[in-house]
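The values are calculated or read from the model by the stated rules, or taken from the named source; none is laboratory data. Only a predicted model underlies this, so the values are computations on that prediction, with no experimental measurement involved. Every residue, glycine as well, gets a Cβ built from its backbone with ideal geometry; the counts of neighbours run over all protein chains shown.
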Amino acid sequence: MPENKVKLLIVDDEGGIVEWITRIYSEKGFATFGATDGISAVELFQKERPHITVIDIHMPRSSIDGVETLKRIKEIDSGAICLMVTRMTDKDKVEECRRLGALHYITKPLTLDELDKVINSAVSVVKKKG
Amino acid sequence: MTTIRELFHSLGNKHNLITVGCGVSKEMLGRCLKNEVLSEKLKEELFYILKNLDRHIEDALEAEKIAIELHDKIYKIMDPDIGKPL
């Protein structure tokens with residue numbers, strides 16, 4: 001895997017979402033990783049140190065939810081760039097993620113256009129950081 | 001028994017699967033359409049599928065708006081975890 005690729009980690013307890021998004025962004029030139037559980041996501045983050053992590057807040061099938069996943073990732077690297085996937089009904093959790101240092105929020109249902117916008121914006125932040 | 005809260009989460013996830021799945025399919029079909037060896041007939045059919053995928057995305061987004069409206073109305077009068085009136 002070339003070193004200059006932006007590393008992207010997708011975390012969602014819906015396997016189909018992880019498979020589709022990682023596939024599309026691999027084709028767009030990213031080095032992609034996927035996790036369907038918060039604990040595996042944290043382990044993968046520790047190992048691969050992705051530049052951008054996209055985390056679904058609601059993961060009922062995961063051992064820890066998206067907020068806890070974000071919290072643990074931020075404990076490993078406080079500068080980690082994390083994008084949270086929320087629902088319109090998640091206002092309280094969104095506030096908590098903001099406090100924990102998430103960069104952006106994307107509201108479900110996701111469209112690839114919206115996802116592209118926030119990921120491209122996160123890529124700009126990655127490039128600025130060098 | 002599945003709670004009202006869980007049902008709304010599942011419903012939201014299904015809408016998300018539709019929008020992301022259709023979006024990914026659109027991107028892949030779009031790439032196929034760039035293939036010069038495709039016949040005009042096949043291209044026409046692929047364009048038709050692309051247009052339908054757009055409609056499915058719009059419909060899923062509309063369905064989610066309705067689900068949110070329903071969610072807000074139900075949560076005002078019912079506890080979503082025990083399924084009883086507030």
Write out, first by first residue and then by second, each pair whose Cβ atoms fall under 8 Å of each other, whose residues are 6+ apart or on separate chains, and whose first residue, in the stretch B:51-68, is farther than 27 Å from B:LEU33 by Cβ while the second is at pLDDT 95 or above.
-> B:ALA63/B:HIS15; B:GLU64/A:PRO109; B:GLU64/B:HIS15; B:ALA67/B:HIS15
Is it fair to say A:THR89 is under 11 Å from the mean Cα position of the chain (by Cα) and within 23 Å of B:VAL20 (Cα to Cα)?
-> no
The residue that is nearest to A:ASP12 (Cα to Cα), considering only those in the stretch A:72-92 that are out of contact with any Ser or Thr (no Cβ under 7 Å at 6 or more places or on another chain) and part of a helix (DSSP H, G or I), is A:ARG72
Filtered residues of the stretch A:91-111 (kept if within 13 Å of chain B (Cβ to nearest Cβ), touching a helix residue (DSSP H, G or I) at 6+ places or on another chain (Cβ under 9 Å) and modelled with pLDDT under 95) | A:LYS93, A:ILE106, A:THR107, A:LYS108
Hey, does the stretch A:3-15 have a residue that's out of contact with any strand residue (DSSP E or B) (no Cβ under 8 Å at 6 or more places or on another chain), within 14 Å of chain B (Cβ to nearest Cβ) and not in a helix (DSSP H, G or I)?
-> no
Does B:ARG5 satisfy the condition of being modelled with pLDDT under 95, more than 22 Å from A:ASP116 (Cβ to Cβ) and within 14 Å of another protein chain (Cβ to nearest Cβ)?
-> yes
So, in the stretch B:5-20, of the ones that are in contact with a helix residue (DSSP H, G or I) (Cβ under 6 Å, 6 or more places away or on another chain) and over 14 Å from A:ASP56 (Cα atoms), which residue ends up surrounded by the fewest Cβ atoms within 10 Å (Cβ to Cβ)?
-> B:LEU11
Filter result (free of Cβ contacts under 8 Å to residues at least 40 places away in the same chain and within 7 Å of chain A (Cβ to nearest Cβ)) within the stretch B:17-40 = B:LEU17, B:VAL20, B:GLY21, B:GLY23, B:VAL24, B:GLU27
Matching option when the condition is over 30 Å from B:LEU7 (Cβ atoms) and of a type in the set (A, V, I, L, M), among A:ILE57, A:ILE24, A:ILE73, A:ILE52 = A:ILE52
May I ask you to verify whether A:GLU27 is touching a strand residue (DSSP E or B) at 6+ places or on another chain (Cβ under 6 Å), surrounded by fewer than 21 Cβ atoms within 10 Å (Cβ to Cβ) and of a type in the set (Asp, Glu)?
-> no
Would you be able to say whether some residue in the stretch B:68-83 is assigned to a loop (DSSP other than H, G, I, E, B), more than 20 Å from the chain's Cα centre (by Cα) and farther than 25 Å from A:THR89 by Cα?
-> no
Yes or no: A:THR69 out of contact with any His (no Cβ under 6 Å at 6 or more places or on another chain), assigned to a helix (DSSP H, G or I) and of a type in the set (S, T, N, Q)?
-> yes
Would you check if there is a residue in the stretch A:33-55 being hydrophobic (A, V, I, L, M, F, W, C), modelled with pLDDT under 95 and not in a helix (DSSP H, G or I)?
-> no
